[in-house]
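**Student:** Dumping the structure here so I can ask a few things about it.
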Amino acid sequence: MLNANQSNLTSTTTPLADQPRLSIADPQASQPISNSRKNALLPGDTAAHDWYRFVLSFPPHLVREYVDRLGVTTDEVMLDPFCGTGTTLVECKKLGIPSIGVEALPSSAFVSNTKLEWSTDGDALMDSASRIASDVQRGLVNEGIADEPSNEGVDLFELRQLPSDAAKLMFKDAISPLPLHKTLVLRDELERQWSEEYSNHQMLALASALVGDISNLKFGPEVGLGKVKQDAAVVSAWLDRVAKIASDLNVLPDSEVAAKVKCGDSRQINEVLPPKSVDAVITSPPYPNEKDYTRTVRIESVILGFFEDRMALRSTKKQLLRSNSRTVYKDDADDDWLPANSPVLELANRIENRRIELGKTSGFEKQYANVVRLYFGGMARHLKSLTSVLKPGARLAYVVGDQASFFRIMIRTGQLLAQIAEECGYSVEGIDLFRTRLATATREQLREEVLLLRWPG
Ligand SMILES: C[S@@+](CC[C@H](N)C(=O)[O-])C[C@H]1O[C@@H](n2cnc3c(N)ncnc32)[C@H](O)[C@@H]1O
């Protein structure tokens with residue numbers, strides 16, 4: 001077993017690691033990309049990727065680099081078991097590599113699947129959206145409401161609202177009453193005029209306009225409240241987003257390459273995917289850092305009907321890796337997947353001791369040590385269940401970041417996962433440095449790394 005401090009993790013010796021290391025380069029400029037821009041979407045990569053994207057998603061050029069490093073060919077199958085908004089799958093489709101994704105959040109699975117639908121005719125999509133926009137605008141004008149934010153004296157009691165169970169899931173002021181009304185009018189018209197061909201893209205455009213233009217949210221990178229605007233253009237913001245999708249669809253190939261996302265829990269991925277069906281993995285799982293993905297996607301999940309009430313939210317939360325103290329349940333037992341001598345247990349003890357030393361007593365803080373055990377235990381469970389899905393010789397790349405969110409105690413995520421992977425029977429081929437990030441609390445540079453594994457079979 002590897003020791004967390006062993007530095008030879010970065011000096012690789014296996015055939016995979018013998019392959020020349022590519023530096024991440026901007027294809028337009030053929031120049032290495034600076035640390036601060038390493039995570040950015042390059043201008044030539046926007047098609048399909050920017051239809052909707054998590055703020056912290058890894059970039060398409062990273063996927064290209066590791067497709068090369070892992071030597072993945074077009075007759076192999078790529079998996080992203082934590083596919084989020086689908087960067088790996090979209091990029092693989094562009095490269096002609098068949099892929100499959102697994103994602104626990106229904107709204108993100110919908111987003112990714114839609115980003116992979118390229119056979120829709122862009123002009124026809126736009127015509128359909130323009131007709132819907134005119135119908136909605138006409139309806140709003142009849143109510144005395146303009147799409148552009150110029151409304152004064154509108155009777156707020158007359159406005160459409162979310163059903164009360166759904167409204168309870170929204171953050172205060174996430175969206176103001178007038179923009180919400182216009183959004184619900186548009187959403188209902190989209191549902192009324194539902195079409196197999198266009199509606200998914202049109203709903204995706206609404207999800208992305210909600211997050212980016214219509215709501216009061218800001219992402220930095222956690223979801224928070226920005227300036228609360230009483231009114232916002234909804235129909236025109238939505239139509240602009242449909243226009244971008246439509247113009248991409250006119251240039252993206254009508255590719256036959258298979259790509260599909262399943263909504264499910266990657267800690268039991270053997271129940272989601274057939275045995276020995278995957279040749280390679282490029283993924284970025286959550287990190288143990290208090291980020292709650294159900295908050296990131298809350299507004300579109302509620303308004304588009306993916307979370308209707310607390311029960312629906314809770315059952316989705318239960319499918320997620322435990323990476324934050326808001327998503328921990330009494331019957332959680334993923335820590336059972338850690339071996340008795342795991343360094344994670346020692347790390348969790350240090351976090352708990354620091355809590356006691358600092359006199360921190362909130363319910364969330366009391367969960368920090370538990371979250372760390374459950375997170376790494378959950379990753380062990382994922383890696384174990386994945387073994388039956390992989391073909392012998394499969395190559396894997398996990399993009400993970402060090403964290404210091406729990407009383408500033410450093411969590412070397414990549415190194416700890418390397419040890420867990422070895423325990424599960426994988427061979428560790430190396431850990432590459434992708435980039436460093438400044439930790440706001442400690443002002444320390446945190447490493448974001450790519451853990452390279454091989455499944456011997
Ligand atoms: C770091 S994000 C991935 C971002 C992704 N690379 C992209 O392009 O958007 C991690 C994702 O894992 C998902 N996730 C968390 N636990 C999961 C589980 N047990 N099974 C499947 N997906 C899960 C989260 O909902 C989130 O979307």
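**Student:** What relative contact order, as a whole-number percentage, does the chain give when Cα pairs under 8 Å and 6 or more residues apart are counted? Can you show the working numbers first?
**Tutor:** Working: 811 pairs, mean separation 85.3, N = 457.
Relative CO of the chain lands at 19 percent.
**Student:** Which FRET efficiency, nearest 0.05, do residue 309 and residue 192 yield, Cβ-Cβ r, R0 22 Å? Intermediate results must be reported in sequence, preceding the final value.
**Tutor:** Working: r = 24 Å, r/R0 = 1.07.
So the FRET efficiency works out to roughly 0.40.
**Student:** State, in angstrom, two size descriptors of the range 292-376 derived from its alpha carbons: Rg to one decimal place and Dmax to the nearest whole number.
**Tutor:** 15.2, 46
**Student:** Over the alpha-carbon set of the range 57-171, work out the extent along each principal axis and list the three values in angstrom, largest first.
**Tutor:** So the extents along the principal axes, rounded to whole Å, are 62, 37, 20.
**Student:** Just subtract the alpha-carbon distance of residue 433 and residue 255 from 0.36 nm times their residue separation and send over the number in nm, one decimal.
**Tutor:** Between residue 433 and residue 255, full extension yields an extra 60.7 nm.
**Student:** Still on this structure: Report the convex hull volume per residue for the range 181-279, counting only C-alpha atoms, in Å³. Kindly include the intermediate steps, with their values, before the conclusion.
**Tutor:** On the way: hull volume 18.2 nm³, N = 99.
Hull volume normalised by residue count: 184 Å³.
**Student:** Tell me, rounded to the nearest percent, the portion of alpha carbon pairs in the range 122-249 spaced more than 25 Å apart.
**Tutor:** Details: 1979 of 8128 pairs.
Result for the distance tail: 24 percent.
**Student:** Based on DSSP loop calls and a cut-off of at most 10 other Cβ atoms within 10 Å, the longest stretch of the chain free of exposed trypsin sites (Lys or Arg not before Pro) is what? All intermediate terms of the calculation are to be shown ahead of the outcome.
**Tutor:** Values: sites that count: 172, 227, 330, 443.
Between the exposed loop sites, the longest stretch runs 1-171.
**Student:** Can you compute the equivalent ellipsoid semi-axes for the chain, i.e. the square root of 5 times each eigenvalue of the Cα gyration tensor, sorted largest first and rounded to whole Å?
**Tutor:** On the way: eigenvalues 297, 150, 74 Å².
Semi-axes from the Cα gyration tensor: 39, 27, 19 Å.
**Student:** Share of antiparallel DSSP beta bridges in the chain, in percent to the nearest 5?
**Tutor:** On the way: 24 of 39 bridges.
Roughly 60 percent of the beta bridges in the chain run antiparallel, per DSSP.
**Student:** Using the basic label-point model (7 angstrom from Cα toward the beta carbon), what is the residue 227 to residue 276 distance in nanometres?
**Tutor:** Between residue 227 and residue 276, the simple spin-label model gives 6.1 nm.
**Student:** Find, among the chymotrypsin sites (Phe, Trp or Tyr not before Pro) in the range 139-231, those assigned to loop by DSSP (not H, G, I, E, B) with at most 14 other beta-carbon atoms within 10 angstrom.
**Tutor:** Details: sites: 157, 171, 194, 198, 219; in loops: 171, 194, 198.
Answer in residue order: 194.
**Student:** So, with +1 on the Cβ of K and R and -1 on the Cβ of D and E, and no other charges, what is the size of the charge dipole of the chain about its Cα centre, to the nearest 20 debye?
**Tutor:** Using Cβ point charges on Lys, Arg, Asp and Glu, the chain gives about 1600 debye.
All of the numbers you see were taken from the coordinates with simple rules; none came from a lab. Since this is a predicted model, take the numbers as computed values, not measurements. When we count neighbours, we look across all protein chains shown, and the Cβ atoms used for this are built from the backbone with ideal geometry, even at glycine.
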